[in-house]
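Accompanying notes for the structure given below.
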Amino acid sequence: MTPMQALTADLLRVPGERDAVGVAQARDRLASAYAFIDRHLDGRTWVAGDAFSMADCAAAPALFYAVTYVPLAPQQTHLAAYFERLIAHPAVALVIDRARPWFKYYPGRAGLAPHFFDPANAS
C-alpha cells in the first residue's frame, strides 16, 4: 500500500481497528519522499526545470493531498516554496477551485488549510 493509501484507509477504519504502526510507517515514507524532493528542487523553479510542465501537473494532486497528512517540515524550504508556486499556478488553482465543493468528503479534510475550503480565509 502506498503511504497515501495507508493513511486514507486508516481514517476510514473504526477507531478500535486503526493501524498505528502502518500510519507511522506511511508518515515516515512521506517524510523521506519530501526530503528527496526538497533536495531535487534546490535551484529549480519547477520539477522538470524552469517551466511549468506535465511533471508539475502530475505532482500537484499527490502533493496537495500528502501535505494534509504530513505537513512539510520547516527545513524543507525548497519544497514549501514549490508547493506555494504550484497551488498558485492558474491551472492548479482552477482545479482546486473546482474541487472545493467536494473537499468536505475527503477523509483527510482535517489537514486542509482553511483557505482551501473558503478562499476568503487566505492569509
Which of the numbered conditions does Thr68 fail, given that it passes all the others? Conditions: (1) among the polar types (S, T, N, Q); (2) over 20 Å from Asp10 (Cα atoms); (3) touching a Leu at 6+ places or on another chain (Cβ under 6 Å).
(2)
Do we have Arg44 as over 22 Å from Val23 (Cα atoms), not hydrophobic (A, V, I, L, M, F, W, C) and not in a helix (DSSP H, G or I) here?
yes
Check off (1) in a helix (DSSP H, G or I); (2) at pLDDT 95 or above for Met4 and give me the number that stays unchecked.
(2)
Using beta carbons and a limit of 8 Å, which pairs, at least six apart or on different chains, have the first residue in segment 14-29 and within 17 Å of Pro107 (Cα to Cα) and the second one among the aromatic types (Phe, Trp, Tyr) and surrounded by 10 or more Cβ atoms within 10 Å (Cβ to Cβ)?
Ala26/Tyr69; Arg27/Tyr69
When segment 71-123 is checked residue by residue, the ones that are among the charged types (D, E, K, R), out of contact with any strand residue (DSSP E or B) (no Cβ under 8 Å at 6 or more places or on another chain) and within 27 Å of Asp42 (Cβ to Cβ) are Glu84
Would you confirm, using the coordinates I've provided, whether Ala26 is over 17 Å from Thr2 (Cα atoms), modelled with pLDDT of 95 or more and among the small types (Gly, Ala, Ser)?
no
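Taking segment 61-77 only, how many residues are more than 14 Å from Met4 (Cβ to Cβ) and surrounded by 18 or more Cβ atoms within 10 Å (Cβ to Cβ)? First the steps, then the outcome.
Filtering segment 61-77 for residues more than 14 Å from Met4 (Cβ to Cβ) gives 71-77.
If we keep only those that are surrounded by 18 or more Cβ atoms within 10 Å (Cβ to Cβ) too, we end up with 72, 76.
Number of matching residues: 2.
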Tell me which residues, restricted to segment 93-121, are more than 18 Å from Ala62 (Cβ to Cβ) and outside any helix (DSSP H, G or I).
Asp118
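Looking at segment 82-91, can you tell me whether even one residue there is farther than 21 Å from Asp118 by Cα, in contact with a helix residue (DSSP H, G or I) (Cβ under 9 Å, 6 or more places away or on another chain) and either among the acidic types (Asp, Glu) or at pLDDT 95 or above (or both)? Steps first, please.
From segment 82-91, those farther than 21 Å from Asp118 by Cα are 82; that's our starting set.
Those still in the list that are in contact with a helix residue (DSSP H, G or I) (Cβ under 9 Å, 6 or more places away or on another chain) too: 82.
Retained after the next criterion (residues that are either among the acidic types (Asp, Glu) or at pLDDT 95 or above (or both)): 82.
Scanning segment 82-91, I find at least one residue that is farther than 21 Å from Asp118 by Cα, in contact with a helix residue (DSSP H, G or I) (Cβ under 9 Å, 6 or more places away or on another chain) and either among the acidic types (Asp, Glu) or at pLDDT 95 or above (or both), so the answer is yes.
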Unique residue being touching a strand residue (DSSP E or B) at 6+ places or on another chain (Cβ under 9 Å) and either at pLDDT 95 or above or assigned to a helix (DSSP H, G or I) (or both) when the list is Asp38, Asp56
Asp56
Any residue that is over 25 Å from Arg29 (Cβ atoms) and without any contact (Cβ under 8 Å) to a residue 12 or more places away in the chain - is there at least one of those in segment 106-115?
yes
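The values are calculated or read from the model by the stated rules, or taken from the named source; none is laboratory data. Quick caveat: nothing in here was measured; it's all calculated off a predicted structure. All Cβ positions, even for glycine, are placed from backbone atoms using ideal geometry, and neighbour counts span all protein chains on display.
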